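Below is one structure, written out as structure tokens; comments come after it.
Quick note: the coordinates plus some simple rules give every number you see, no bench work behind them. This structure is a prediction, so every number in the text was calculated from the model and none was measured. Ideal geometry is used to build each Cβ from the backbone, glycine not excepted, and the neighbour counts take in all protein chains shown.
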């Protein structure tokens, strides 16, 4: 068996494997320290409020402990690992590996074991591992500073609608939640006739206004106020205020259209209902089912108020006694005359309050007739009991012999109200985190808000198109079973009732804590206790979880507390460069 060839070190004479410098490892380590120039003690700043890490000016990152993103931030902050421009390729440092090292949770320290390679004189490649210590310091980010500072907003967006209820804002709130329209708002305040959104930057406020213009018909008025001027730099500081006024038409309002506007809508009946409110307003003829659309420009150019607003006090509860579909002959030049089933039906109705005491019935045609069956409860406008202040509308309705009762919508859950109706509802909505103004803190205002919220939930139950724009979340299994048992007898053709597949299960509002009370460690939500300065460690709190779980999930090494690790190892010679660590995520050259 042959003995491996060895040479004598040119400095100490010790036998060593042959290499380009003809020097042993011990002598190379005393002459060449490849960790020289790499900072082994680095300071990181973290916001204690939002737990984000400072990266660069006006840029803060949200990273979990032991995560790949935090590792990248730490190594990027370490001077010496990133070679300067113009450095020759053979003199560059190559990062080949990095692992997290366990630290005491209260120490305000992070440690990383880094392994680097570098070519030294003579073309020899040395590899060495060492520990980099990161000292965590608390620093409040600009966003949290603005939240804790009075009057720190830059752009105030005031959203208003001059109506007597809050259903439109409840609907708008759900759209904002689904599309994250208010992202960047410092705070939100709710008033009697609207909401105020405070933004720390003008651009974020402008983007929110663009979002509103794409969701509801509105008009905007803008103003600005001079706060101060720097004469030397000729820079002025302004605060901007925008008033967004939403059109005062809401779902289920009864309208009497201006003559010109009705003609532009294919001569639709001037007496119609608001079907939906979005970027444009959908209207429907309550007798024939004809649908039209009114844009924001058309409305503000032909401004009018609703004939009857959709308030609970304006609607009467009627019980459906009978339903008869309306069949019409429809001619087509290319096809033979055919009979087509329409959604319009004749309904025989009786006031719920007259049941058992009077035999008075009324027969009406309704665009919602296909949804109704005997025993259902519907909400209607009774024009004979309504004080119509528009003289033209009152005279024309008398001339045209318009039916006295207009069906608005069907009530689900058997028409039950109050707590009994709520128990049958198997879904729930998420709400924005808002501040309540003083004018809404009274008991009477609170009761009115509860009524508006219940009316809004009933609107969602009866309108599938409206539900498509919001997120509905499941409640507990017990409530689902209660709801399903009551819905077995629903009309099979009813395509407006809430279906189970429409509900989301990603948010359990009954069993899970609020999002603000949770953090994610290793992909697992962990409930945070009340803040304790003695336990707080940047984004890490004194809780029990599996150490190294997140590092293992991201494919990063983790050295636990039981393993011994040296601050710096002896360099060893390698034949070729290894792979650069996390090369796909960031580059140091």
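A few comments on the model shown:
- From most to least packed by mean Cβ count within 10 Å, the peptides 66-72, 136-142 give 66-72, 136-142.
- By definition, a body whose alpha carbon gyration tensor gives a ≥ b ≥ c is prolate when a/c is 1.5 or more and a/b is larger than b/c, and region 143-246 fits this prolate description.
- Ordering 169-175, 254-260 by mean Cβ neighbour count within 10 Å, with the highest value first, yields 169-175, 254-260.
- Cβ-Cβ FRET estimate between residue 243 and residue 394, R0 fixed at 30 Å, reported to 0.05: 0.30
- Shape category assigned to region 1-107 from the gyration tensor of Cα positions, a/c cut at 1.5: prolate
- Extension gain, residue 135 to residue 386, is 83.1 nm, computed as 0.36 nm per intervening residue step minus the present C-alpha separation.
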